Number of protein chains: 2
Amino acid sequence: MNLEQSFRERVKKIKAYIYVLQVIGWDSNTEAPRNSFKRRGEVLSEISKELFMLQASPEAVKSVNEMYDKIDTFDDHLQREVKKAKKTVDKIVNIPQAEYIEYQKLINDSQIIWEDAKKNNDYDSFKENLRKIFAFNKKFALYYDANANPYDTLLDDYEEGMSQKEYDIFFNTLKSDLVPFVKEVLKADKKDYSKFLNDKFDVKKQELFCDYLTDVLNFNRNSGLMKKSVHPFTWNTSPDDVRFTTKYLENYVLSSIYAAIHELGHATYEQQISTEFDDTLLNGGTSMGIHESQSRFYENIIGRSHEFWEAHLPKFKELFPEQTKNMTVDDMFYAVNQVEASMIRIEADELTYPLHIMLRYDIERMMINGEITVDELPKIWIDKMEEYLGIRPANDSEGVLQDVHWSGGMIGYFPTYALGTAYSAQIYNTMKKELDVERLIKENKISKINEWLKDKLHKYGSSKTPKELLLMITNEDFNPKYYVEYLKEKYTRLYLSK
Amino acid sequence: MNLEQSFRERVKKIKAYIYVLQVIGWDSNTEAPRNSFKRRGEVLSEISKELFMLQASPEAVKSVNEMYDKIDTFDDHLQREVKKAKKTVDKIVNIPQAEYIEYQKLINDSQIIWEDAKKNNDYDSFKENLRKIFAFNKKFALYYDANANPYDTLLDDYEEGMSQKEYDIFFNTLKSDLVPFVKEVLKADKKDYSKFLNDKFDVKKQELFCDYLTDVLNFNRNSGLMKKSVHPFTWNTSPDDVRFTTKYLENYVLSSIYAAIHELGHATYEQQISTEFDDTLLNGGTSMGIHESQSRFYENIIGRSHEFWEAHLPKFKELFPEQTKNMTVDDMFYAVNQVEASMIRIEADELTYPLHIMLRYDIERMMINGEITVDELPKIWIDKMEEYLGIRPANDSEGVLQDVHWSGGMIGYFPTYALGTAYSAQIYNTMKKELDVERLIKENKISKINEWLKDKLHKYGSSKTPKELLLMITNEDFNPKYYVEYLKEKYTRLYLSK
């Protein structure tokens with residue numbers, strides 16, 4: 001077997017192991033009974049060991065390095081695959097095994113410690129773990145590249161090509177342009193839709209409405225399915241098997257609707273990737289940020305538009321005649337676009353959401369760069385909430401303890417949420433020049449929008465970097481102005497133009 | 001690592017691979033989208049290859065053989081594990097690889113050919129595959145043991161310790177004692193419950209009733225779950241994760257109820273096995289026959305008893321007041337114990353069911369022993385239906401083509417269905433001496449029955465042979481008289497005692 005063949009064989013095997021871990025993960029997150037997890041953990045550790053060996057055994061490392069030495073002789077796709085494989089290898093090989101194992105255990109333990117800390121509003125019990133997690137992440141980043149700023153390395157892990165330089169420009173734009181605008185909107189008079197929003201909506205009928213959305217948004221059910229779970233997510237092994245979940249709350253109907261639409265954005269991206277990448281390392285969406293741009297595009301630009309409810313309010317009213325008596329499209333448009341300064345990121349509206357992310361970026365940056373300690377975190381959090389949103393969390397559970405990410409070792413992930421949303425505005429700006437988007441939404445011709453996205457973005461899978469894609473689609477590099485413009489235009493129209 | 005440690009390590013790994021294959025199988029059989037199966041097939045073949053190597057590589061075979069050489073030095077459990085491992089190895093090693101691969105392909109192809117043949121009532125299109133499947137099974141049996149009768153080898157595969165000698169005694173008892181009795185019952189006057197049985201029952205409410213049964217039959221939902229699927233089945237990876245499915249038909253409410261109770265029997269067995277066997281080859285139920293004894297015990301002896309409906313008819317009437325107006329426990333008891341000569345095994349009632357199995361045993365036996373050819377099968381089937389049940393199938397779809405088993409290569413499996421049911425009558429005979437079974441069912445104290453079964457049978461997993469278990473529980477070897485007595489007593493009371 002020549003070098004390339006043996007690389008292909010190994011990739012095929014690696015992907016088979018990832019596939020089985022994914023299927024088990026799907027089961028764990030949607031229906032596995034609680035007592036199953038002990039034994040499952042043992043099995044997963046056996047299978048993960050095999051996968052680790054396939055990716056990082058001396059033989060595997062040698063094969064990847066030999067391929068890398070010859071990289072110039074390969075075509076574009078294989079070059080990109082080899083680069084990805086090389087990065088995976090380089091991320092692991094320099095970490096001393098003992099540290100790697102200690103870190104895995106730390107992450108494992110931190111999950112429950114964080115859960116308890118959040119439940120009991122007890123930051124101190126979690127602080128030391130958090131300190132270690134940041135310290136390990138910094139150390140591992142330096143093992144990978146001793147000459148780079150470690151936070152830059154971490155940021156690049158979650159969004160290829162991004163560093164503090166680019167993010168600073170982005171968030172500084174938000175700070176200067178968006179923060180004052182948000183304060184203005186928050187002060188404006190608004191009609192109160194809380195009675196409707198917190199009305200009781202039968203969960204079985206919510207399911208019917210989410211089923212309806214799944215169909216009208218053109219999801220291919222022969223290549224996927226919708227289910228429910230505690231935390232909504234999208235899952236995929238190939239474009240032929242893409243699944244997503246939503247979450248039903250009897251007293252907040254928008255939860256299931258917007259979780260479903262958000263995940264449908266992720267799912268549509270995955271379903272529309274070319275199957276030619278199935279057996280390669282180039283399958284799946286190319287980055288967290290680009291993925292989030294698709295989910296946010298679906299959720300906000302499509303799903304929170306006036307036109308969307310022009311098309312779909314009739315069905316909604318048919319299912320919930322009592323709760324929607326006398327309700328107009330305008331009412332629904334305002335109800336789904338309520339703006340409010342709130343403590344919890346995942347419950348934030350479209351306008352205030354990026355400010356929650358900005359705060360987290362500031363903190364991660366200072367932590368990794370050694371400018372603050374874990375002891376100072378809670379107070380900094382509270383002060384920044386006041387600075388950006390004008391509110392002060394009453395306790396750490398609704399402050400620094402609210403998110404799962406840091407306890408899971410994910411440092412550098414948060415910024416992709418805001419970045420992805422900003423990408424979506426930039427992509428939307430281009431799309432509008434080529435498609436009559438409003439009309440397509442109003443006439444329920446989402447398939448035309450999906451086709452455009454497939455052709456410009458989805459089909460490429462991970463074969464292009466986020467930067468390359470954005471340039472190809474919009475003819476320029478990432479530019480935060482489209483995002484700020486989009487938000488200002490929409491929310492001026494909603495709340496400031498009277 | 002010494003011999004035993006390396007055996008244990010290998011077993012642990014083998015079990016991890018079986019576990020992931022099982023999780024994927026659960027997903028495939030309950031919800032995977034149809035387009036997912038192509039890629040899934042490729043992944044499964046990668047993983048199966050790994051599993052095959054773990055079980056049958058020269059190194060694995062050597063390890064098992066070395067353990068087998070020292071078997072006398074091990075404790076009972078390890079002895080039994082080594083014997084099982086040795087049998088698995090011996091089943092494979094003598095088959096030339098080319099033949100093994102050809103057979104896998106044959107089985108794979110035969111599935112669809114059989115489905116189409118059944119749909120189109122076209123036995124001829126399936127005949128040649130069926131001939132090859134029987135031929136391969138015979139050949140492989142002879143590779144394993146050239147001196148044994150090949151059908152005996154196949155029977156032992158599905159039920160350890162059973163051969164034609166034992167089965168002949170069993171089925172000859174049925175032929176002489178049960179066939180004339182069934183004919184008598186078939187002739188007796190019976191009230192017609194078909195209007196009730198084919199009434200419309202809302203599927204959502206059927207689900208509620210199956211949920212109710214799952215709870216009253218004491219299934220542990222923290223260690224399992226119920227779901228729906230096209231073909232009901234039970235699934236387990238350990239006693240901490242046991243799942244079962246049922247099937248809902250709007251116009252035949254007994255389908256979901258008795259499939260659920262049947263699978264609950266299998267599931268209860270699996271949940272009550274000692275977890276000490278989790279990492280060994282002794283986990284899970286010990287044989288097809290013993291497993292079927294538990295499902296049939298639940299389904300027929302508990303679920304079709306007068307006492308069961310004394311306890312649970314009120315709940316059923318509460319869910320379906322319209323369909324059950326004026327219905328008495330007697331009515332329900334008769335409705336669930338209708339006897340009828342029918343063409344299809346899986347729809348047969350408790351009394352006529354074993355005669356369907358007897359017919360299949362006769363045919364398998366003659367086929368493997370070279371007494372008949374595939375050309376003669378359809379006619380023999382029809383003639384035997386007439387002999388045993390007094391009816392003649394109108395075509396092969398409701399005759400020789402009705403079952404999936406042979407197309408899947410399962411020759412020797414059918415007899416365990418009848419055997420298991422007969423085991424259950426023998427076990428019941430002992431149980432009645434120690435427990436007031438009728439009263440416990442009537443007072444809904446199933447947990448007492450479960451405890452008895454756990455203590456006498458379930459907890460042992462596969463650490464005992466079917467033969468050993470039956471002797472331990474009932475103090476005698478398998479004896480078909482209990483089964484015939486049970487059926488005669490029940491159905492005389494129902495239909496012949498007026």
Computed from the mean reciprocal separation of all distinct C-alpha pairs, what Kirkwood hydrodynamic radius does chain B have, in Å?
24.2 Å
Which of B:LYS384/B:LYS488; B:LYS132/B:LYS467; A:LYS459/B:LYS227; B:LYS87/B:LYS459; A:LYS12/B:LYS105; A:LYS105/A:LYS139 exceed 25 Å between C-alpha atoms? The answer is B:LYS132/B:LYS467; A:LYS459/B:LYS227
So how much slack lies between A:LYS12 and A:GLU386, counting 0.36 nm per residue of separation and subtracting their Cα-Cα distance, in nm?
129.6 nm
Distance in nm between A:SER274 and B:GLU340 label points, each 7 Å along Cα→Cβ, equals 5.8 nm
Measuring from a point 7 Å out along Cα→Cβ, what nm distances, shortest first, does B:LYS442 have to its partners in the other copies?
7.3
Distance between modelled label sites at B:TYR68 and A:SER28, nm, 7 Å Cα→Cβ extension:
3.8 nm
With a Förster radius of 35 Å, plug the Cβ-Cβ distance of A:PHE196 and A:ASN395 into 1/(1 + (r/R0)^6) and report the FRET value to the nearest 0.05.
0.75
Output row for B:VAL230: copy-to-copy label distances, label 7 Å along Cα→C-beta, ascending, in nanometres, one decimal, is 3.3
Each residue of segment A:80-90 in turn: what ³J(HN,Hα) in whole Hz from Karplus with 6.51, -1.76, 1.60 and θ = phi - 60°, glycine and Pro shown as x?
5, 4, 5, 4, 5, 5, 4, 5, 4, 5, 5
In a Debye calculation with equal point scatterers on the alpha-carbon sites of segment B:40-102 and no solvent, what is log10 I(q)/I(0) at q = 0.21 Å⁻¹?
-0.87
If you restrict to DSSP beta bridges whose two residues both lie in the protein assembly as shown, what percentage is antiparallel, to the nearest 5?
45 percent
Using a label point 7 angstrom from Cα along Cα-to-C-beta, what distances in nm, from shortest up, separate A:LYS379 from the other copies?
9.8
Report, in degrees rounded to the nearest 10, the 0 to 90 angle that the Cα long axis of helix A:481-491 makes with the longest principal axis of chain A.
30 degrees
Between segment A:130-150 and segment A:394-426, how far is it from one alpha carbon centroid to the other, in angstrom?
19 Å
Could I have the simple spin-label model distance between A:LYS187 and A:LEU249, label points 7 Å from Cα toward Cβ, reported in nm to one decimal?
3.0 nm
Taking only the Cα atoms of the protein assembly as shown, how large is their convex hull per residue, in Å³?
199 Å³
Going toward the positive end of the dipole of segment B:345-498, with +1 on Lys and Arg Cβ and -1 on Asp and Glu Cβ, which of B:LEU469, B:LEU389, B:TYR353 do you reach last?
B:LEU469
Name the long-range amide H neighbours of B:LEU225: under 5 Å, sequence gap of 5 or more, or other chain; modelled H, no Pro or chain starts.
B:VAL242, B:ARG243, B:PHE244
Where the centre of each part is set by its Cα atoms, how far does segment B:283-302 sit from segment B:323-341, in angstrom?
25 Å
For chains B and A related by rotation, which residue of B has the Cβ nearest the axis, and what is the rounded distance in Å?
B:VAL20, 2
For a quick check: sort B:SER497, B:SER256 by the number of other beta carbons within 10 angstrom, fewest at the front.
B:SER497, B:SER256
Förster-model FRET efficiency, 51 Å R0, A:LEU496 and A:GLU59, C-beta, rounded to 0.05:
0.20
May I ask you to derive the FRET efficiency for B:LYS139 and B:ILE372 from their Cβ-Cβ distance with R0 = 22 Å, giving the value to the nearest 0.05?
0.80
Report relative contact order for segment A:262-367 in percent, whole number only (criteria: Cα-Cα under 8 Å, sequence separation at least 6).
19 percent
Ranked from fewest to most other Cβ atoms within 10 Å of their own Cβ, A:VAL400, A:VAL230 fall in the order A:VAL230, A:VAL400
Whole-number percent relative contact order across segment A:1-93, with pairs defined as alpha carbons under 8 Å at least 6 apart
34 percent
Could I get the Rg over Rh figure for segment B:3-93? Both from C-alpha atoms, Rh via Kirkwood, rounded to two places.
1.09
May I ask you to derive the relative contact order of chain A, considering only C-alpha pairs under 8 Å and at least 6 residues apart, and to give it as an integer percent?
19 percent
Mean other chain Cβ within 10 Å across B:43-53 is 3
Are any of the pairs B:LYS119/B:LYS183; B:LYS86/B:LYS464; A:LYS190/A:LYS481 more than 19 Å apart by Cα-Cα distance, and if so, which?
B:LYS119/B:LYS183; A:LYS190/A:LYS481
Which whole number gives the average count of other chain Cβ atoms within 10 Å of the Cβ atoms across peptide A:27-33?
4
Exposure proxy check: A:GLU443, A:GLU371 ranked by fewest other beta carbons within 10 Å?
A:GLU371, A:GLU443
per DSSP, antiparallel bridges as share of beta bridges in chain A, % nearest 5, sits at 45 percent
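Where a number appears in this text, it was derived from the coordinates with a stated rule and is not lab data. Small disclaimer: the values here were computed from a predicted structure and weren't measured. Ideal geometry is used to build each Cβ from the backbone, glycine not excepted, and the neighbour counts take in all protein chains shown.
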